[in-house]
Amino acid sequence: MSEQLTLYTARVCPYAQRAEIALAEVGAKYTRFEIDLQNKPVWYAPQVNPASKVPAVAYGGPEVPPDQPSRDSVKIAESLVLLEFVADLHPGSPLLPKDPVQRAQVRFFIDAVSNKVPANWFAFMARGESPDALISGLETIQSLLPEGKKFAVGDEFTIADAAIAPFLTRIATTLGNDIGVYEEGQGKKVYETIWKSPKFAKLQKYYENLTERSSVRETYNEQLIKDTLGARFTPKRNA
Ligand SMILES: N[C@@H](CCC(=O)N[C@@H](CS)C(=O)NCC(=O)O)C(=O)O
């Protein structure tokens, strides 16, 4: 990768962490720019991402300060697009396997993550809906994991793993600390089901493999997630 790459990101955001994990996996040299999501810079939407979300990348063009993006760089957004982009920039890396079947498995796994994980987690944590959809969504994810392998499609870490890791870490942190609008104690109960019961043994092992990965560990700030989501949701309990 010879062109400059600037990543607009936010520590709190699971979608942004996906891109950070992929960049860490390939050891990319890039400029990281933290966007304060509560107070986004005025130039961000017009000059980087019209959707005004992180993550986004400015790729190529001249070396410029990240808060003065060049018109000559290409701007790319959407975390799943960025995962494929990073893999495409590093065709020698295992992030996206060469084998067509494994590539399809990676994409199928990502599709399942998109459909089963973020919205079901959020419905429970932020709206106090039943945790059943989250639990059954994670059962589906577990059923896709290959037997006796470390990661989503085999022993190599791929963009499928980068797509789910930021959500599994946040789900574990929020449930384990009972963070959410639901009744007190309910998060910890769901945590016990997912992280302690034998029914989820395969997912638990997978989680262990993911969180041992330095790309995942070093891009996750658990304290920040506890503080931010704890302050955002738990006070709304019984409101
Ligand atoms: N579909 C997008 C979702 C990104 C997203 O929702 N990012 C949130 C933070 S986690 C954001 O930037 N929100 C800012 C806003 O909506 O104003 C992706 O996968 O990249």
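Numerical summary
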{"quantity": "Equivalent ellipsoid dimensions for segment 100-236 as semi-axes, Å, which come from the Cα gyration tensor, largest first", "calculated": "25, 16, 13"}
{"quantity": "With every protein chain in place, segment 5-89: carbon and sulfur % of accessible area (1.4 Å)", "calculated": "51 percent"}
{"quantity": "Cβ-placed point charges (K, R +1; D, E -1), dipole of segment 5-89 about Cα centre in debye, nearest 20", "calculated": "160 debye"}
{"quantity": "Reachable lysines from K75, criterion Cα separation under 24 angstrom, eight or more residues apart if same chain", "calculated": "K29, K40, K53"}
{"quantity": "Dipole of the chain, positive direction: furthest Cα of L96, V12, S70, with charges on the beta-carbon", "calculated": "V12"}
{"quantity": "Computed FRET value (nearest 0.05) for R71 with S2, which takes r as the C-beta separation and R₀ as 30 Å", "calculated": "0.90"}
{"quantity": "Stokes-Einstein D (µm²/s) once Rh is taken as the Kirkwood radius of the chain over alpha-carbon pairs, at 25 °C in 0.890 mPa s", "calculated": "132 µm²/s"}
{"quantity": "Assigned charges on the beta-carbon of Lys, Arg, Asp, Glu; the chain dipole about Cα centre (debye)", "calculated": "420 debye"}
{"quantity": "Among 54-65, 13-24, the order from most to least packed when residues are scored by Cβ within 10 Å on average", "calculated": "13-24, 54-65"}
{"quantity": "Mean-position separation - Cα centroids, segment 13-31 and segment 86-154, in angstrom", "calculated": "17 Å"}
{"quantity": "Spatially near lysine pairs across segment 95-239, Cα under 17 Å, sequence gap of 8 or more or different chains", "calculated": "10"}
{"quantity": "Farthest positive-ward along the chain dipole, Cα basis, beta-carbon charges - from P118, G176, P55", "calculated": "G176"}
{"quantity": "The chain, helix-only ellipticity at 222 nm - DSSP H runs n ≥ 4, -39,500 (n - 2.57), divided by all residues, nearest 500", "calculated": "-16000 deg cm²/dmol"}
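The values are calculated or read from the model by the stated rules, or taken from the named source; none is laboratory data. Since the structure is predicted, the reported quantities are computational estimates derived from the model, not experimental observations. No Cβ is skipped: glycine too gets one built from the backbone with ideal geometry, and neighbour counts run over all protein chains shown. Keep in mind that these areas ignore ligands, DNA and RNA; they rest on the heavy atoms of the full protein, side chains included. Shrake-Rupley method; radii C 1.70, N 1.55, O 1.52, S 1.80 Å.
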